[in-house]
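Below: the structure, in structure tokens.
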Amino acid sequence: MTHVAGVDVGSTATKAVLLDGNGKIVGTGICPTGANVVRAAERVFSEACKTAGVEEYDVAYVIGTGYGRYKVPFGHAQVTEISCHAKGANALFPATRTIVDIGGQDTKAIKVSPNGDVLDFCMNDKCAAGTGRFLEAAATVLDLGLDAIGDVSLRSTAPLKITNVCTVFVESEIVSHLAKGEKVEDILGGVHNAIAGRSVALLRRVGIEDEVTFTGGVSRNAGMVHALAARLNTRINVNPMSQFVGALGAAMFSLERVRHGTAPPIAEPKENAANAHGGH
Ligand code: ADP
């Protein structure tokens, strides 16, 4: 049976998804991107093939996406992560109209059509304010694991107001709250609310329409899912595969290309200049 793959080389994590000829997910791989981007791409692809029991040379088509998409040596084509997130989110949640993707170092808001085409998007990629790295900085100062901070934040009954979304300054703000004897859960409640507020401001630039799907590694944080849903006053779609949505979308584009032979190139979306937004 024909297999196809998508490899998403993000600034922080590299992910791969392997599909069989029916579009079923049969393998995944994930690792930190690190300094050797090519090595990370090879590693996750090999892991995905191994989990599926498929030989690498039997994979008919591979699309690379993410910031390192041109560093996938075995890739047949490249597609932006914006198009891939739209495609992947539409596959997991077909009623998706708005996507919030919070990754290691950037946040994206994407508006999609009923068939998963990108209508508009904007991103915050000039600094890590309000992204996964910001949460990692908070976790480090509080001496907690990245996978613990979300659950701790959910225990907060009186979240503090965190004024800094800058990764550098939030550390000293947290330290000063700790010195005043504030509870860790209330500090973290404030940290998650600050990121939710910033993400919702980005989403408003493209327009928020139901259903909202949360993608990227930060969607694994239950506290972040809760804070975003509360701020938006709506239910949010998340899935155990949410960190793999970009790779899934890339794999689905691969499948389309194999099925349709020489498929037309995928139109690459352009960020609306009026929406362009970076840093603080
Ligand atoms: P990118 O594609 O930008 O490299 P990802 O979308 O893969 O990044 O997200 C990576 C981020 O996801 C990490 O920086 C981290 O903050 C977050 N993350 C990863 N695993 C977890 C987890 N178990 N709980 C909470 N957050 C996580």
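The values are calculated or read from the model by the stated rules, or taken from the named source; none is laboratory data. Because the structure is a prediction, the values reported are computed rather than measured. Positions of Cβ are generated from backbone atoms using ideal geometry, with glycine treated the same way; all protein chains shown enter the neighbour counts. Side chains included, ligands, DNA and RNA excluded: accessible areas come from the protein's heavy atoms. Shrake-Rupley method; radii C 1.70, N 1.55, O 1.52, S 1.80 Å.
Key figures for this structure:
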read-out: Largest to smallest accessible area among F45, F169 [probe 1.4 Å]; value: F169, F45
read-out: 24 Å Cα-Cα reach of K111 towards lysines, excluding residues that sit fewer than 8 places from it in its own chain; value: K15, K87, K126, K270
read-out: Percent carbon-and-sulfur accessible area, the range 96-238, ignoring ligands, DNA and RNA, probe 1.4 Å; value: 49 percent
read-out: The range 1-123, accessible area per residue, ligands and nucleic acids excluded (1.4 Å, Å²); value: 38 Å²
read-out: Fraction of beta bridges assigned by DSSP in the chain that are antiparallel (%, nearest 5); value: 65 percent
read-out: Rg and Dmax [Cα atoms of the range 114-194; Å; Rg one decimal, Dmax integer]; value: 14.6, 51
read-out: With at most 15 other Cβ atoms within 10 Å, longest stretch of the chain clear of loop trypsin sites (Lys or Arg not before Pro) (DSSP); value: 25-125
read-out: Relative contact order %, the chain, counting alpha carbon pairs below 8 Å whose residues are six or more apart; value: 24 percent
read-out: Sorted largest first, extent of the range 96-238 alpha carbons per principal axis (Å); value: 51, 29, 22
read-out: Over the range 43-119 - Rg/Rh using Cα atoms and the Kirkwood inverse-distance radius; value: 1.02
read-out: Solution diffusion estimate, µm²/s, Stokes-Einstein, the chain, Kirkwood Rh from C-alpha pairs, 20 °C, viscosity 1.002 mPa s; value: 113 µm²/s
read-out: Per residue accessible area in Å² of the range 186-225, where ligands, DNA and RNA are left out and the probe is 1.4 Å; value: 29 Å²
read-out: Mean ellipticity per residue at 222 nm, deg cm²/dmol - from DSSP H runs of n ≥ 4 across the chain, formula -39500 (n - 2.57); value: -12000 deg cm²/dmol
read-out: All Cα pairs of the range 1-129, percent lying beyond 26 Å; value: 21 percent
read-out: Max mean-square fluctuation residue, GNM over the chain, Cα-Cα springs under 10 Å, options G75, G145, G249; value: G145
read-out: Label-to-label distance, nm, for residues given as A148 and S113 (7 Å Cα→Cβ offset); value: 4.8 nm
